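Structure first, commentary second.
Any read-out appearing in this document is the output of simple, stated calculations on the displayed coordinates, not a laboratory observation. What you are looking at is a predicted structure, and each value in this text was computed from that prediction instead of being measured. Cβ sites come from the backbone with ideal geometry, for glycine too, and all protein chains shown count toward neighbours.
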Amino acid sequence: MALSSSVSTAEMADWAVRPARHLSRWVAAAVVLMVFGLLVRAFAQSSIQWGIVRKYFTTTIVIEGFLRTLQITAVSMLLAIVLGVIFAVMRMSKNPVTSGVAWLYVWFFRGTPILLQILLWFNLAVVFPRLAFPGIYSGRTIDVITPFIAGVLALGVNEGAYLTEVIRGGMLSVDEGQDEASTALGLSRLQALRSIILPQAMRVIIPPVGNETIGMLKTSSLVAVISFNELLGTVQQIYFVQGRVIELLFVAGAWYLVATSVLSIGQYYLERHLGRGLQRSRPRSTLENAILRLVGARRPSATRARS
């Protein structure tokens, strides 16, 4: 009986392992490729003049508009992060007044449309005709609230309301024992936040902040309504003159894809850096995974050739 069992095992070792055939996967892939091919054919045979897309993609005026988009996104996101940290700490305060003010901030700016907020900031001079900062500045509000400043305030303050909850969630993910340990060491609340709580919370905070940054980049196109010539506003000015609407919109879309792709890559490597201590080995990139799959696919054939 034992001999029969060992022979069966040896025979089984020589059997070739054949993966199961999944016909539905091939059918689904064929359908997807067919639909994709039809879309490509429709765009290729349309009246779109792709030469105009190539022409304006690298023109100076479009690149300047793209740089202004990056500028307003960066400044607004910096303001949002500062406000998010401040109001997240306020939300977690045991002082009911401080916590209530932070809740009111989040409630208002998350509950009203961003386009409405842009228009409100741009028309702030109606409520406050003059701004006065003793010893610093005194003058008309309309001279201070330019389209750029209005856009930064609207985008930054609105995004700060969302980041308040993101950062608060990250801080709550840190074990309470860390806070108690910092108190036992004699650290102040600010020192504990800066040295212990926030560094550990970054692993949880970074992924949603990266997503919010990409969202901010695209949301910045709304400031075109207050005559700030970012990327979308710039291409609109061009197609109002040239009359080639769809071509210029493709130009803007291509630049947005370039920016979001770069941000996504940066977010991936930042997350990988922050997550090093939680894994036995560093996570592999998409390119590394593809190379390993290719090597793994070729290895059996090489082994058979040697045998």
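Overview of values
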{"read-out": "The range 154-176, subset β-branched (Val, Ile, Thr) and part of a helix (DSSP H, G or I), residue nearest to residue 75 (Cα to Cα)", "value": "157"}
{"read-out": "Leading residue by the ranking (surrounded by the most Cβ atoms within 10 Å (Cβ to Cβ)) among those in the range 133-148 that are in contact (Cβ under 8 Å) with a residue 12 or more places away in the chain and farther than 22 Å from residue 220 by Cα", "value": "141"}
{"read-out": "Scope the range 62-100; condition within 21 Å of residue 197 (Cβ to Cβ), surrounded by 15 or more Cβ atoms within 10 Å (Cβ to Cβ) and among the β-branched types (Val, Ile, Thr); matching residues", "value": "81, 85, 86, 89, 98"}
{"read-out": "Filtered residues of the range 52-108 (kept if assigned to a helix (DSSP H, G or I), within 30 Å of residue 251 (Cβ to Cβ) and among the polar types (S, T, N, Q))", "value": "60, 69, 71, 73, 76"}
{"read-out": "Qualifying residue in the range 84-107 (condition: touching a helix residue (DSSP H, G or I) at 6+ places or on another chain (Cβ under 9 Å), free of Cβ contacts under 8 Å to residues at least 12 places away in the same chain and either within 19 Å of residue 218 (Cα to Cα) or among the aromatic types (Phe, Trp, Tyr) (or both))", "value": "yes"}
